Amino acid sequence: MVKRSHPSHLSWLVAANDPASDFPLTHLPYGVFEIDGQSHLCVAIGTHLLDLYACAEANLLSPNIATACQAPVLNLLMALGPRSWTLLRETLTTLLHADAEPSRRLAVEAALHSIAGATLLKPVHIPNYTDFYSSIHHATRVGRIFRPDQPLLPNYKHIPIGYHGRASSILPSGIPVQRPHGQTRPPSHELGPGFGPTAALDYELELALYIGQPNPLGTPIPVTKAANHIFGLSLLNDWSTRDVQSWEYQPLGPFLAKSFATSISPWVTPLAVLEPFRAPAARRRHGDPKPLPYLYSAADQAHGNLNIKLEVSISTKTMRDNKLDPLVLSETNAKDLYWTPAQLIAHHTSNGCNLQIGDILATGTISGSTEAAAGCLLELTRNGAQPLKLPTGEVRAFLADGDEVIFRGTCELPGHPRIGLGECRAAILPARP
Ligand code: MN
């Protein structure tokens with residue numbers, strides 16, 4: 001095992017010092033796991049999770065933080081605000097640091113569990129979920145499929161486009177998704193529309209921003225303050241049925257094509273962890289409009305985006321039966337998003353709409369400038385017209401029953417331990433009979 005170069009990043013838990021680990025000491029993402037039929041908050045460290053409920057019981061945390069850490073979801077901790085979030089991270093970093101006091105180390109060791117053997121749950125009570133459309137590359141390529149003469153609608157470069165998602169059907173990673181039924185477009189003018197299992201089930205590679213601080217109804221969040229309202233982020237799969245979507249989306253946008261299921265990864269990476277991995281807002285092309293003042297801040301333009309490498313893999317049943325590794329379908333990066341997280345929050349609240357603790361704002365499908373950097377099959381297969389050929393000889397226009405889709409995200413920068421967002425994965429179950 002190679003030691004990380006910077007000693008201040010080292011933990012007495014040696015697995016956390018492995019440069020390939022998603023969860024070094026500098027990361028400590030939050031999650032919730034099941035133990036003795038109860039839900040306990042935890043942080044990931046190396047190959048293990050640290051039970052924060054047990055840390056509170058062992059008097060390792062300050063009293064008000066200890067109370068929040070004994071709740072079954074992260075919302076109470078979110079409500080304590082950024083100063084408490086920083087304090088808790090400092091406390092946990094000290095406890096897990098290579099120089100930790102030996103007496104406290106024993107108490108911490110008693111609260112460690114292997115991640116491999118743990119059941120990770122939905123970490124947040126999510127009151128509301130909004131999905132945006134922040135990737136101009138996604139918007140352009142999808143637009144080109146349906147409107148070759150006008151791929152990008154005239155509003156795109158002025159206003160962050162979004163729709164209201166469905167919070168009740170958000171699932172933790174690992175829970176299978178059943179192929180939904182839906183109403184689809186008639187194949188010809190003489191026939192009426194049909195109803196049945198979707199034939200065009202797709203994934204959408206996205207990031208979820210968790211709102212940690214609310215705003216009162218009627219009080220917009222300025223773009224300059226927006227980052228203070230973000231607790232952290234996760235991977236998100238906005239499952240979509242393209243045949244249903246293309247029939248229902250006009251004039252009010254996506255509805256049942258999206259609301260049947262959304263998967264989230266189990267670990268919530270605190271926004272503070274991502275400071276070293278900030279990136280400038282995507283460069284607007286010559287002639288593009290400058291964002292309106294309520295969406296513009298020089299600081300946000302300078303470092304409002306996040307440099308997070310993302311990848312999508314697929315594992316079919318045939319691949320698993322033949323012991324083949326999942327196949328990477330595409331790679332992309334969140335730094336290419338046209339709208340920054342702060343702009344999404346400023347826009348969402350610009351009419352006075354109140355965000356609540358635990359709300360998810362998702363970025364929308366994250367695609368890059370090249371056609372290979374596509375965050376969904378709709379783009380990769382040109383709406384099914386150019387199916388993918390897999391190493392097993394199988395072809396995929398859209399997802400088949402038994403397919404498992406796996407998202408990963410990583411941040412890498414010289415001088416900083418690499419961090420990984422973990423995985424967001426789910427398999428497709430056949431439609432109900
Ligand atoms: Mn989406």
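Coordinate-derived values only; no laboratory data. Since we're looking at a predicted model, the values are computed, not measured. Glycine gets a Cβ as well: all are built from the backbone with ideal geometry, and neighbour counts include every protein chain shown.
Using a cut-off of 11 Å between beta-carbons, work out the net charge of the residues near Glu204 (Lys and Arg +1, Asp and Glu -1, Glu204 not included). Spell out each step's value before the answer.
On the way: positive: Arg242, Lys258; negative: Asp131, Asp202, Glu206, Asp238, Glu379.
My count for the surroundings of Glu204 gives -3.
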Relative contact order for the range 56-150: what percent, with Cα pairs under 8 Å and sequence separation of 6 or more? 23 percent
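Using only the Cα atoms of the range 263-375, build the gyration tensor, take square roots of its eigenvalues as a ≥ b ≥ c, and label the shape rounded, prolate or oblate: rounded if a/c is under 1.5, else prolate if a/b is larger than b/c, else oblate.
Details: a/c = 2.38, a/b = 1.70, b/c = 1.41.
Prolate is the answer for the range 263-375, as a/c is 1.5 or above and a/b outweighs b/c.
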Provide the net charge surrounding Thr91, with neighbours chosen by a C-beta distance below 13 Å and charges set as Lys +1, Arg +1, Asp -1, Glu -1. +1
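Based on the alpha-carbon gyration tensor of the chain, what equivalent-ellipsoid semi-axes (square roots of 5 times the eigenvalues) come out, in whole Å, largest first? Present the calculation step by step, with values, prior to reporting the outcome.
On the way: eigenvalues 261, 133, 85 Å².
Largest first, the chain gives 36, 26, 21 Å.
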What are the semi-axes of the equivalent ellipsoid of the range 218-269, taken as the square roots of 5 times the eigenvalues of the Cα gyration tensor, listed largest first and rounded to whole Å? 29, 19, 7
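So what is the 222 nm mean residue ellipticity for the chain from helices alone, if each DSSP H run of at least 4 adds -39500 (n - 2.57) and you divide by all residues, rounding to the nearest 500 deg cm²/dmol? Walk me through the numbers before you get to the answer.
Values: 11 runs with 82 residues, N = 433.
Value at 222 nm, helices only: -5000 deg cm²/dmol.
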Quick check of the Kirkwood formula: for the range 1-156, what is the inverse mean of 1/r over all pairs of different Cα atoms, in Å? 17.8 Å
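Mind checking Rg over Rh on the range 198-343, alpha carbons, Kirkwood formula for Rh? Walk me through the intermediate numbers first.
On the way: Rg = 18.3 Å, Rh = 17.9 Å.
Taking Rh as the inverse mean 1/r over Cα pairs, Rg/Rh reads 1.02.
Sum up the charges of everything whose Cβ sits under 14 Å from the Cβ of Ile221, counting Lys and Arg as +1 and Asp and Glu as -1, but leave Ile221 out.
On the way: positive: Lys225; negative: Asp300, Asp359.
Here the charged neighbours net out to -1.
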Suppose each label sits 7 Å from its Cα in the direction of the beta carbon; what would the Ala100-Glu190 distance come out to in nanometres? 7.3 nm
Excluding residues fewer than 8 positions from Lys389 in its own chain, the lysines with Cα under 22 Å of it are Lys317, Lys323
The helix 136-146 Cα axis meets the longest alpha-carbon principal axis of the chain at an angle in degrees, between 0 and 90 and rounded to 10, of 30 degrees
Among Ala116, Thr91, Leu152, which residue has its Cα positioned farthest towards the positive end of the charge dipole of the range 73-158, with +1 placed on the Cβ of Lys and Arg, -1 on the Cβ of Asp and Glu, and the dipole taken about the Cα centre? Leu152
Rounded to the nearest 20 debye, dipole of the range 31-133 from Cβ charges on Lys, Arg, Asp, Glu: 200 debye
In debye, nearest 20: dipole of the range 303-355 around its Cα centre with unit charges on the Cβ of K, R (+) and D, E (-)? 100 debye
The rounded separation in angstrom of the Cα centers of the range 313-335 and the range 198-268 is 23 Å
For the range 128-234, taking Cα atoms only, what is the radius of gyration to one decimal and the Dmax to the nearest whole Å? 18.3, 55
Determine the dipole magnitude for the chain: charges of +1 sit on the beta-carbon of Lys and Arg, -1 on that of Asp and Glu, nothing else is charged, the reference point is the Cα centre, and the result goes in debye to the nearest 20. 820 debye
